[in-house]
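Enquirer: Structure below; questions to follow.
The values are calculated or read from the model by the stated rules, or taken from the named source; none is laboratory data. Computed from a predicted structure; not experimentally measured. Here the Cβ positions follow ideal geometry from the backbone for every residue, glycine too, while neighbour counts run over all protein chains shown. Please note that ligands, DNA and RNA were not included when accessible areas were found on the heavy atoms of the full protein model with its side chains. Shrake-Rupley method; radii C 1.70, N 1.55, O 1.52, S 1.80 Å.
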Amino acid sequence: MMKTRNKFLQFIGVFLASGLAIQFQVYASDTFEASGVGLKIQFYEPKENTDLNQEAIRLFFEQGLKKLPPVVISALQGSKINIQFTRMDDLSEIPAPTCQTAEEEVRTSIAADIIYKSKKPEYQILLNKNLLQDIVRGAAGSRTYNCGHKSIYQLGLASLVHEIGHIYDFLNVPADPKGNDRSVSDRLDFLHLLGWDAGIFSTDNKNKLGIRSPDPYEYDSPAESFAVNFEFFTLDPEFACRRPAVFHYYSKHFGYDPYPGRTCKVSYDVPLSGKPVLFSIDPSRIYEIHYLLASKGTDMSSKWGHAMFRLVVCKPGREVGPDCIKDVGHHIVLSYRANVSDLVINSMKGLFGGYPSQLFLFLMTEIVEEYNVGESRDIYSVPIKMDREQITQFVHKTLEQTWQYQGRYFFIGNNCSTESMHFLQGIIPDEVLQKMAPVLQTPNGVYDSLSERGLLDEVATTVDNNVGRYFFPGFYSVLSPKFEDLKLLAGFPSDLEIEEYVSEYSAIERLGLFTGVLLRSKTNRTDLASRFLYLEMAVREHLRQVLLKESGKFVQGEIKDELGDQVFEKMIEETREIHSRVLPWNLLKSGYGVPLSSELISKDEFMKRVLAYNEMFSKIMDLVKKKVPGQYRDLDDVKRNTEVLRNFAIQN
């Protein structure tokens, strides 16, 4: 027996098929065959409701059955299903949602029993009697609303189909030639794709964001997740565009597309962090997908490295092929991170799930600046072996994660490597990979797991000139050879290390050092000036990245003391509010899942919000600049150094 819940779409037993007997307790005994389904329906006379329109109810059930996948109908042959409309509450009608919140398509209490008699199962479904009012009105006359299934009539159909989905799931119908005898909702590929984290004692859905769900009841259990998505797969022509990865799974499982003539199109435009425009990740323009691994950093949150993915997007006009690896400026990086609205990350919150986990998208050049330049960490980029179908499914999953996912981030337990492994397990049908426990993975561990399964094209990374394509060395690794050559020059300290030169020498001290060397040199001054210029420009970018990273600490410390708690807290709240307004799901006006183009806020409003976010950050940096001018003065001095070196190179 399914436990009663305060939601309308909650039933448990219904299945339809040729030769399937379904009994509806509504009318005097009657039998008809559902058009196009071959389903025999029998009515039994209750003591009331004899004045209802029998033909309207007949049409209702026919509409609910005609879109069912043939596999489902075939699976139900021989089953007996009893359906009864009964009173579930004290209300006089099904209340139409006001759609004021994302989770508001409230369903009246529905219960359902599954009764097994001898070897053949008998299923009983109880539907809310108040549905009959809108069923008799028909689809055109039913009350409507602007979310979920859009009308009470359609909600009733969804309730019927939802329960049919449950019965099919319970029948343990094999999904593939291998004869997998597990319920669909119990299969690992389904659990991974739909975001279920199967623990030792419980199974929980990782997604804690209900705002873009068609029905948050899908997060109650894997079985409900299957049934909710089954109802939208069956009844909503837009489901293929709103949840393209899930639609692909259902369509492939059933070998069926209920709406081949749909008019909607999947929107591949996504927001990149901090950018005032949307970027396209159309899979037809993606050559391959890489596992992107940043080496370990010094902070607690990065001591194991960082796991990411790289979409090798081909630049406009480029034919999709191997040369697209050169188009680094067009490549997009997927990075699961803690969504930190605090100015400084709190280690305790990170340890105990105090931050949301979210998928962020960046340009590859930004990742190079962040890790190579700012933190001097190496980045390894290795192609994942995928066919075109898997690349498309990967992109579709990216869309779903971008617009409708927010979990809980734990430094240990649900971090970048955990999220990345879960993501891949929902895409790649490798049985061993499916069974791995993502919670035990590290970024290097994910790499090793993929490598051991032969899922990485590691040969590609051994090509000549792989730097800047498959390998991106850290700041110090790049500069060290050039720096060692400079140490051989007269006047340059031979025992000076690159790290000391960058972190301990001020811009003025560096100016004195390289001008002294240049003045001593009687030949190749232009070449030397160019080498020093390259070094100084790299130092400038490194210092800028470090200052950006450290700015929050200055604000949290000295500036908080200067502003006072009340003013400071007001500034923090304003910062969080502006930050919230640029979250992907807050850029949308309506709908569920991946948005249709019409559901995005206007381009002007989008740009306004992103610019406000960037301006807020600039104001914080201005506060830092006033409080700790030394660091900024050093940047100004670096700018002066580069001008001196440029002039020296020109004049010599």
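Enquirer: Look through Asp464, Asp485 and report the one residue that is more than 13 Å from Tyr380 (Cβ to Cβ), touching a Lys or Arg at 6+ places or on another chain (Cβ under 9 Å) and free of Cβ contacts under 8 Å to residues at least 60 places away in the same chain.
Expert: The unique qualifying residue is Asp485.
Enquirer: Quick one: Ala490 ticks every box in (1) open to solvent by less than 60 Å² (accessible area, probe 1.4 Å); (2) touching a residue at least 12 places away in the same chain (Cβ under 8 Å) except a single one, so which number is it?
Expert: Here Ala490 clears every test but (1).
Enquirer: Is it the case that His248 is surrounded by fewer than 19 Cβ atoms within 10 Å (Cβ to Cβ) and at pLDDT 95 or above?
Expert: In short, yes.
Enquirer: So Thr392 clears everything in (1) modelled with pLDDT of 95 or more; (2) within 15 Å of the chain's Cα centre (by Cα); (3) open to solvent by less than 30 Å² (accessible area, probe 1.4 Å); (4) under 19 Å from Leu194 (Cα atoms) except one condition, right? Which one?
Expert: (3) is the only condition that Thr392 fails.
Enquirer: Follow-up. Within the range 477-493, work out how many residues are farther than 17 Å from Gly512 by Cβ and in a loop (DSSP other than H, G, I, E, B).
Expert: 1
Enquirer: Return yes when Pro258 is part of a loop (DSSP other than H, G, I, E, B), within 30 Å of Gly374 (Cα to Cα) and open to solvent by less than 50 Å² (accessible area, probe 1.4 Å) and no when it is not.
Expert: no
Enquirer: I would also like to ask the following. Are any residues in the range 132-169 part of a helix (DSSP H, G or I), closer than 21 Å to Ser221 by Cα and either polar (S, T, N, Q) or open to solvent by 10 Å² or more (accessible area, probe 1.4 Å) (or both), and if so, which ones?
Expert: Ser159
Enquirer: For the range 459-487, give me each residue that is among the polar types (S, T, N, Q) and either on the phi > 0 side of the Ramachandran plot or open to solvent by less than 70 Å² (accessible area, probe 1.4 Å) (or both).
Expert: Result: Thr461, Asn465, Asn466, Ser477, Ser480.
Enquirer: Please enumerate the residues belonging to the range 575-608 that are of a type in the set (D, E, K, R), open to solvent by 40 Å² or more (accessible area, probe 1.4 Å) and either on the phi > 0 side of the Ramachandran plot or assigned to a helix (DSSP H, G or I) (or both). Step through it out loud before you land on a result.
Expert: Let us first name the residues in the range 575-608 that are of a type in the set (D, E, K, R), namely 576-577, 581, 589, 599, 603-605, 608.
Adding the requirement that they be open to solvent by 40 Å² or more (accessible area, probe 1.4 Å) leaves 576-577, 581, 589, 603-605, 608.
Within the range 575-608, Arg576, Glu577, Arg581, Lys603, Asp604, Glu605, Lys608 meet the criteria.
Enquirer: Looking at (1) under 14 Å from Leu363 (Cα atoms); (2) of a type in the set (Gly, Ala, Ser); (3) at pLDDT 95 or above; (4) surrounded by fewer than 19 Cβ atoms within 10 Å (Cβ to Cβ), can you tell me which one Ser273 breaks?
Expert: Unmet for Ser273, out of (1) under 14 Å from Leu363 (Cα atoms); (2) of a type in the set (Gly, Ala, Ser); (3) at pLDDT 95 or above; (4) surrounded by fewer than 19 Cβ atoms within 10 Å (Cβ to Cβ): (3).
Enquirer: Moving on. Could you please find all residues in the range 66-83 being open to solvent by less than 50 Å² (accessible area, probe 1.4 Å), in contact (Cβ under 8 Å) with a residue 60 or more places away in the chain and either under 13 Å from Glu163 (Cα atoms) or hydrophobic (A, V, I, L, M, F, W, C) (or both)?
Expert: Leu68, Val72, Ala75, Leu76, Ile81, Asn82, Ile83
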